[in-house]
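The values are calculated or read from the model by the stated rules, or taken from the named source; none is laboratory data. Everything numeric in this text was worked out from a predicted model, so none of it was measured. Using ideal geometry, Cβ is built from the backbone for each residue, glycine included, and neighbour counts are taken over all protein chains shown. Ligands, DNA and RNA are excluded from the accessible area calculation, which covers all protein heavy atoms including side chains. Shrake-Rupley method; radii C 1.70, N 1.55, O 1.52, S 1.80 Å.
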Amino acid sequence: MRWLILLLFMSQALYAGDISTVEPAGLRHKIKDPEKLAEWTAPPDIVVCSTAPVSFRQIKRAVKFWEKLGYSFGNITVALHDNYQCATGEAGANQIMIDIPSQSFFADDRWDTPTKVGLTKLFVDTNTNTIFKAKIEIMSNWGGAQRILEHELGHALGWKDWDQIGHIMHSNWSQGGYNTRGLENK
């Protein structure tokens, strides 16, 4: 009997590597990997506006999170309060800007404003699928949530939302987590 239980356990463990989701009815199926929209041609610099609701320490942690997955970044700069780029809300070439939400954050009809805590705008050359700049906007009262910054940085690296429970790129913060399946920089 013990051998039968052990054999059953081993067969489940071997098969579990191929299972991504279990449907409520008990049916198992595979789901596709996360999808990437575009790539940077060079490691992007990060500019943190003085009004951004995140600390330099949080930025360093988020960068380290993505570096462990094989991504590279340029310089990280905390801009002064009179920084022109932050005042205009325009990231420079090869930059990821982090700031508080602009007016367009609230005017975006695709979002239900009370549930939106962060937004990343990618600027992509669609002919080459190359990212040339990005802007991350995070609601002030959510600045302390480290996973939001890491999720939005994932968007700035070109990743789309991927609604797999527990995944860093899940579109709903409460259903996300630190699973990074499929996000390695190859």
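See the values below:
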quantity	calculated
For T77, residues with placed amide H under 5 Å, excluding near neighbours	I46, V47, V48
Residues with amide H under 5 Å from that of W159, placed H, sequence gap 5 or more	L37
Potential extension, F56-A87 segment - 0.36 nm per residue separation minus Cα distance	9.2 nm
Restricting segment 137-186 to GluC sites (Glu not before Pro) in coil, as DSSP defines it, with at most 13 other Cβ within 10 Å	E184
Anchor K121: lysines whose Cα lies under 26 Å away (excluding residues fewer than 8 positions away in-chain)	K32, K36, K60, K64, K68, K133, K135, K160, K186
Rounded accessible area of I136 (nearest 10 Å², 1.4 Å probe)	0
Rounded, prolate or oblate (a/c below 1.5 giving rounded, otherwise prolate when a/b exceeds b/c) for segment 30-96 by Cα gyration tensor	prolate
Pairwise label distance in nanometres, R181 with K68, each label 7 Å out on the Cα-Cβ vector	1.8
Heavy atoms of S55: accessible area, 1.4 Å probe, square angstrom to 10	50
Segment D163-D125, length gained on full extension (0.36 nm per residue, minus Cα span)	11.1 nm
Residue-level accessible surface for T41, protein heavy atoms, 1.4 Å, Å²	110
Residue-count net charge about A134 - beta-carbon cut-off 14 Å; Lys, Arg +1, Asp, Glu -1	-2
